[in-house]
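J.: Input: one structure, supplied below.
Rule-based calculations on the coordinates, nothing more; no lab input. No experiment lies behind these values; they were computed from the predicted model shown. No Cβ is skipped: glycine too gets one built from the backbone with ideal geometry, and neighbour counts run over all protein chains shown.
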Amino acid sequence: MSVRKKAMGADFWMNRAIELAYKGKGRTAPNPAVGAVIVRKGLVVGEGWHKKAGGPHAEIFALRAAGIKARGATVYVTLEPCNHHGRTGPCAKALIEAGVAQVVIGARDNSPKKGRRGAEELRRAGVKVSLGVLKAECHRLCEDFFKHSSTGAPFVTLK
């Protein structure tokens with residue numbers, strides 16, 4: 001997988017994570033479509049996206065692809081990693097256990113019951129966390145999830 005993209009910044013890598021997330025769009029409800037890219041020394045060492053509800057999240061697929069190369073790497077993820085147990089384990093814990101150095105988050109998870117805890121957990125473990133890279137694009141990607149998790153109502157678009 002090692003693709004070198006010299007001098008590419010956070011926006012570049014987050015755009016790649018967004019591209020990956022769109023591969024799962026429409027297949028993950030009621031969960032969000034999320035993409036993740038793991039970069040170490042300018043190389044992509046792992047990528048993943050949430051493929052279906054109840055299955056592994058984007059971060060887990062990316063960590064599996066990266067293996068030990070995730071240690072010391074930077075993870076770009078479109079939505080704040082979860083920090084709760086549901087049908088899958090907490091992604092924040094998996095990132096910590098993998099030894100990543102930094103997590104760059106596009107949009108915060110603002111769901112009332114489970115959101116805004118992943119970044120805190122990562123920071124407590126000594127992982128550097130950056131927030132809001134391509135925030136509007138990442139938020140738009142998860143509009144349906146945010147609407148449903150905060151109101152219980154579906155997200156509807158009319159023409």
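J.: Output needed for the stretch 57-107: three equivalent-ellipsoid semi-axes, defined as square roots of 5 times the C-alpha gyration tensor eigenvalues, in descending order, whole Å.
T.: 16, 13, 9
J.: While we're looking at this one, here's another question. Let me check I've understood the local charge: for residue 59, count other residues with C-beta under 14 angstrom from its C-beta, Lys and Arg +1, Asp and Glu -1. What total comes out?
T.: -2
J.: Give or take rounding to whole Å, what are the principal axis extents of the alpha carbon atoms in the stretch 1-100, in descending order?
T.: 37, 27, 20
J.: A further question on this structure: Can you flag which of 51/128; 23/93; 93/128; 69/93; 69/128; 25/128 are past 22 Å Cα-Cα?
T.: Result: 51/128; 23/93; 25/128 exceed 22 Å.
J.: Please report 68, 60, 38, 105 as a ranked list, fewest other C-beta atoms within 10 angstrom at the top and most at the bottom.
T.: Least crowded to most crowded, the residues run 68, 60, 105, 38.
J.: Okay, moving on. To the nearest 20 Debye, how big is the dipole of the stretch 1-136 about its Cα centre, given +1 on the beta carbon of each Lys and Arg and -1 on that of each Asp and Glu?
T.: The dipole of the stretch 1-136 has a size of about 140 debye.
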